[in-house]
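The values are calculated or read from the model by the stated rules, or taken from the named source; none is laboratory data. Note that this is a predicted model, so its numbers are computed, not measured. Because the Cβ atoms are built from the backbone with ideal geometry, glycine has one as well, and the counts that use them run over all protein chains shown. With ligands, DNA and RNA removed, areas are computed over all heavy atoms of the protein, side chains included. Shrake-Rupley method; radii C 1.70, N 1.55, O 1.52, S 1.80 Å.
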Amino acid sequence: MPFLSLTSWSLHRLLGPLRWTRWDESTRTQITVAQEQPELLTLLELPATLANKGFASAEVCHFHFPETSEEYLGALKQSFQSANLRFYTLLLEYGDVSSADEDRRTSDIAWIKGWIDIAALAGAERVRVIAGDAEPSDVQALARSVDALRELGEYASSRGVRVVTENFHSLTSVADNCLTLLQKCEDVLGFTSDYGNFKGSDKFEALAQTIPFSESIHAKAQTDAEGFPDADEFIRCMDIAKQAGYEGPITVVYDGTGDMWEGIERVRKLVAPYITSS
């Protein structure tokens, strides 16, 4: 049966500075740009907080890590274990493994491998890797992404971590490319379907194509200016997952306005009928 999960993005205004990774053309390397946010809850406190609220797992964005020392990563792993909460996925929010710029692609792959090592030390089961920023019609970019994701998947497997990608950014904005990546990478690559990332009239058809192959679902509701979800649209997405027999985490994603915990609860109420506990 599906189980309740939360992404740290749903609390991004509460977990301290966001440490965005960017590619810097002048230095030809990755740089970190901090976006200040209040720290009302630390990442080390997050697992116990979520467990107390009835969540079974969490997915954590890489920019929420305040540091990556072995000591800190060990403490983070212990915080998940003590809370009996699964660290389901470490979400990488940077990287273009489809880039035609060979130096950048090589550098990004190395950067991602570094985060796979971090995931292993922190106890994360998976690492979400962006498949690429290239246009979805770029066949050569798709081939580059296949090669990189296969390499990263094999690297992660040797460290007890699984690589997944997602319908996230341009290259995987169409279901056919998502399925091609999975077919060509075979068992070294998994997938996450996000309700909010497919666009247009074929959105629900695309979700119906990818959800049967998904190891996690990002349950992102479309919200109005006050942060209230479009219940009908969201339930239609949940019904697609139910019809597919999906049994993994339903990871609540809230990025609307207002109080984030209140927004999370509004989405959670829509998820509740589809999971084992709420």
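Estimated at the nearest 10 Å², the accessible area of residue 232 is 130 Å² with a 1.4 Å probe.
Counting only protein heavy atoms and a 1.4 Å probe, tell me what percentage of segment 19-111's accessible area is made up of carbon and sulfur.
Values: 2020 of 4440 Å².
Carbon and sulfur: 45 percent of the exposed surface of segment 19-111.
Lysine pairs in the chain whose alpha-carbon atoms fall under 27 angstrom of each other, counting only those eight or more residues apart or on distinct chains, come to 19.
What do you get for trypsin sites (Lys or Arg not before Pro) in segment 87-180 restricted to DSSP loop and a cutoff of at most 15 other Cβ within 10 Å of the site's Cβ?
Values: sites: 104, 105, 113, 126, 128, 144, 150, 159, 162; in loops: 159.
Filter output for segment 87-180: 159.
Counting only protein chains, not ligands or nucleic acids, how are 240, 235, 116 ordered by accessible area (probe 1.4 Å), most first? Don't skip to the end; give the middle numbers.
Working: 240 20, 235 60, 116 0 Å².
My answer, sorted largest first, is 235, 240, 116.
Measuring with a 1.4 Å probe in the full set of protein chains, what accessible area per residue, in whole Å², belongs to segment 43-177? Show your work: numbers first, answer last.
Working: 5170 Å² over 135 residues.
Accessible area per residue, segment 43-177: 38 Å².
Rolling a 1.4 Å probe over the protein heavy atoms leaves residue 176 with an accessible area of roughly 100 Å². Computed with a 1.4 Å probe over protein heavy atoms only, the accessible area of residue 40 comes to about 130 Å². Loop-resident GluC sites (Glu not before Pro) (DSSP state other than H, G, I, E or B) in segment 193-250 with no more than 13 further Cβ atoms inside 10 Å of their Cβ: 226, 247.
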